[in-house]
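Data first, discussion second: the structure below is written as structure tokens.
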Amino acid sequence: MKKYIGYIVLLIALPYGCTMDEPVVTSTDKKAIFSSEEGLKAYSMSFYDIFPDATEQAIVEQSLVDYGATNTLAGFTLINSFSENNSSGWNVNEWSPLRNLNYFILNNTDPAISEKVRNDYTGLARFFRAWFYYEKVRRFGDVPWIDHPLDPSEKDLLYGARDSRELVMEKVYEDLMFAGEHIVRASDAAQSTLVTKWAAYALASRVALFEGTFRKYHNLSLATSADTWLKRAEEAAGKVMKESGKRLHSNYRGLFTSDVPPVSETLLAIAANASLGVKHSANWRWTSETYGSGINLIRPFVCTYLQKDGTPYTNRTNWQYEDFYEEFQNRDERLKSSLRYPGYIREGNIALPVFSGYARLGYQPIKLSVDATIGDSRTESTHAIQLIRLGEVLLNYAEAKAEQGTLTDQDWAATIGALRARAGITGGIVSKPLVVDNYLKEYYFPDVTDPVILEIRRERAIELLFEGFRFDDLRRWKRGDLFKKSWTGMYIPGINQPLDVDHNGTHDVIYYTDDAGLAAAVATSNNASPYKVKVSTNPAAEIIQVHPAGDKKGYYLAWYTNNDSKKVWGPKQYLYPIPIGAINLNPQLIQNPGWENGATNNGN
């Protein structure tokens, strides 16, 4: 990087002209950057600042998901806690990356550099511009399309109107197609941290699937049909599948715990480097009950993991009353790759969920944390975090084809079947399902009657757990009501008695209701120091609750159900409100429906 430092110093002043006393940028400075490939390469490094850092990406699903119970409700789903007055995403800093990208695209025209090289770097800039705008459209819907670097004297952003979703998303698609066609880099074998042409096509499949299903399930009447977007998703994903040489990595959890991401499946990742002091705090956030959100999975979602023979877990006799050990047996291996399970080992020691702290509901995540404990209370994590991988592309392809009604048994085997086979599932992997899983349909998707689409949605939730897709998936499918579901956890056979939850012969935890119950349980325990967790049978209690399981003897753990009435989702929440500061500056901005005049997330 040393030889690029001089170029980087020059370009720092170029994209952000805002103050009267900044250094003057001369034509010589500009020529030094845009007249050589080394200059273009140096400039392009600034594009990567648009990506989240490793900690941000690792905790993207510690809140705002329906399948997890957190310390408390996020403001967006807590009634009357969100409005245009505390919205974000529209200030100058949040739009400034666009100026950097547009400046590069506009000025990368020097004929001294071959057209192929210029198009390569312009393609890279357009990939990042598509990334930027995709995030804005997902958040706000209509946004202003700006394809040139705004001068401080220009008023497009501050005083212009929003452009239509149709126009902006067509531009996003054009950018991604240009990127895929012109980016030269086809692999980054070292760390998969540099954008390749296959990352561009993979992102195109993500964008097109989102847009196609959003338009379909929200009945948007726009010039480009939902089916057109779904076909685009199919084509982009299919190109990656057929031409990139990528394949599924054999070890699912290894995708998320390796310092160097497995190149076989990874298309783009955020890497750390211990020797350079580049570390993140993923482990800290996923093991601390105070630093992170303390997220646990809820049992209704855990019940969606299939059995190893490919049949629904809820087909088991008495599945409602299986305890922690029993429910992990003969299941999709991703359950053990995502949660602390009976027999989970950390540094040579059995590590049960922290029932007296983090694991309020019994299901403590491990997918994005490593087994070493050094990072549990400080910023010491160095494992790479996935941004784009083949597993997602397979899901995009399968869903796009299923939504068009064109998915074949061969397609199923190459996508959903392949993902399930990696997870140790042996049944139902070579042909499409013919029967609806009633549990999945009734709890999650009551309006879906197609067993293929139901199973693809199941697979997407499990395969991409904690990777940042669920919030957008529920919004595009118009299933925001799932955010209002109660948070119930694992089954326990009794309270005020010691429990051996991992069936190893030693009592692990006591759920007690009062001091007398605790004393009686301790007296009969064969463990001098089991976890001790105070609970209440009162559904209005502020502490962990125990709800009768229906068999007249057991219970389900529950959390925050006394505040279920405070969970909210209304039609307006499929888009965020434009921040009031932006509207005050620009009278031409029209607020998203339902958020006008300071309206809150009140369920309407």
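Only a single item in (1) more than 28 Å from G494 (Cα to Cα); (2) touching a Pro at 6+ places or on another chain (Cβ under 7 Å) is not met by S377, and it is number (2).
Are any of the residues in the stretch 134-153 aliphatic (A, V, I, L, M), under 22 Å from D473 (Cβ atoms) and surrounded by 15 or more Cβ atoms within 10 Å (Cβ to Cβ)? Yes; the residues of the stretch 134-153 include at least one that is aliphatic (A, V, I, L, M), under 22 Å from D473 (Cβ atoms) and surrounded by 15 or more Cβ atoms within 10 Å (Cβ to Cβ). How do the pairs read when you match residues in the stretch 246-259 that are among the small types (G, A, S) and at pLDDT 95 or above with residues anywhere that are open to solvent by 20 Å² or more (accessible area, probe 1.4 Å) and not in a loop (DSSP other than H, G, I, E, B), using Cβ under 8 Å and keeping only pairs 6 or more apart or on different chains? If the second residue must be open to solvent by 20 Å² or more (accessible area, probe 1.4 Å) and not in a loop (DSSP other than H, G, I, E, B), the pairs left are S250/R422. One residue alone among Q62, Q57 is in contact (Cβ under 8 Å) with a residue 40 or more places away in the chain, assigned to a helix (DSSP H, G or I) and either within 30 Å of A461 (Cα to Cα) or within 24 Å of the chain's Cα centre (by Cα) (or both), and that residue is Q57.
Here the stretch 306-333 is the region considered, the condition is being outside any loop (DSSP other than H, G, I, E, B) and open to solvent by 40 Å² or more (accessible area, probe 1.4 Å), and the residue that is nearest to T506 (Cα to Cα) is Y325. Within the stretch 429-477, track down each residue that is in contact (Cβ under 8 Å) with a residue 40 or more places away in the chain and of a type in the set (F, W, Y). Matches in the stretch 429-477: Y439, Y443, Y444, F466, F469, F471, W477. Of all residues in the stretch 405-453, those being closer than 15 Å to T314 by Cβ and among the hydroxyl-bearing types (S, T, Y) number 3. Of note, S192 satisfies the criterion of being modelled with pLDDT under 95 and surrounded by 23 or more Cβ atoms within 10 Å (Cβ to Cβ). Wholly within the stretch 360-467, which helices (runs of 4 or more DSSP H) include no fewer than the required count, namely at least 2 residues that are open to solvent by less than 10 Å² (accessible area, probe 1.4 Å)? Filter on the stretch 360-467 gives 390-404, 416-422, 451-463. With respect to the stated conditions, E235 fails to be of a type outside the set (S, T, N, Q), in a loop (DSSP other than H, G, I, E, B) and surrounded by fewer than 21 Cβ atoms within 10 Å (Cβ to Cβ). Residues in the stretch 496-515 that are closer than 22 Å to G357 by Cβ, touching a helix residue (DSSP H, G or I) at 6+ places or on another chain (Cβ under 9 Å), open to solvent by 30 Å² or more (accessible area, probe 1.4 Å) and not in a strand (DSSP E or B): N496, Q497, D500, N504, H507. Of the residues making up the stretch 378-403, those that are in contact with a Ser or Thr (Cβ under 7 Å, 6 or more places away or on another chain) and among the small types (G, A, S) are S381, A384, A398.
Which of the residues spanning the stretch 264-287 are open to solvent by less than 60 Å² (accessible area, probe 1.4 Å) and free of Cβ contacts under 8 Å to residues at least 12 places away in the same chain? Result: G277, single match.
Within the stretch 217-245, the set of residues being farther than 18 Å from A402 by Cβ and either out of contact with any strand residue (DSSP E or B) (no Cβ under 9 Å at 6 or more places or on another chain) or without any contact (Cβ under 8 Å) to a residue 40 or more places away in the chain (or both) comprises H218, N219, L220, S221, L222, A223, T224, K239, K242, E243, G245. Going through the stretch 334-353 one residue at a time, which ones are surrounded by 16 or more Cβ atoms within 10 Å (Cβ to Cβ) and either in a loop (DSSP other than H, G, I, E, B) or of a type in the set (A, V, I, L, M) (or both)? Within the stretch 334-353, L335, L339, R340, Y341, P342, Y344, A351, L352, P353 meet the criteria. Where helices (runs of 4 or more DSSP H) fall wholly inside the stretch 97-197, the ranges with 2 or more residues that are touching a Lys or Arg at 6+ places or on another chain (Cβ under 8 Å) are 115-140, 165-182.
Among the numbered conditions (1) part of a helix (DSSP H, G or I); (2) open to solvent by 60 Å² or more (accessible area, probe 1.4 Å), tell me where S221 comes up short. Here S221 clears every test but (1).
Looking only at residues of the stretch 524-572 that are among the basic types (K, R), in contact (Cβ under 8 Å) with a residue 40 or more places away in the chain and open to solvent by 40 Å² or more (accessible area, probe 1.4 Å), we find that the one that is nearest to S356 (Cα to Cα) is K532.
Within the stretch 351-363, residues that are farther than 20 Å from Y305 by Cα and in contact (Cβ under 8 Å) with a residue 40 or more places away in the chain sit with their Cβ atoms under 6 Å from residues that are open to solvent by less than 10 Å² (accessible area, probe 1.4 Å) and part of a loop (DSSP other than H, G, I, E, B), at 6+ positions apart or across chains, in these pairs: Y358/G294; Y358/Q364.
The values are calculated or read from the model by the stated rules, or taken from the named source; none is laboratory data. Every value quoted in this text rests on a predicted model; they were computed, and no experiment measured them. So basically every Cβ, Gly included, is an ideal-geometry build from the backbone, and we count neighbours across all protein chains shown. Heavy atoms of the whole protein, side chains included, go into the accessibility calculation; ligands, DNA and RNA do not. Shrake-Rupley method; radii C 1.70, N 1.55, O 1.52, S 1.80 Å.
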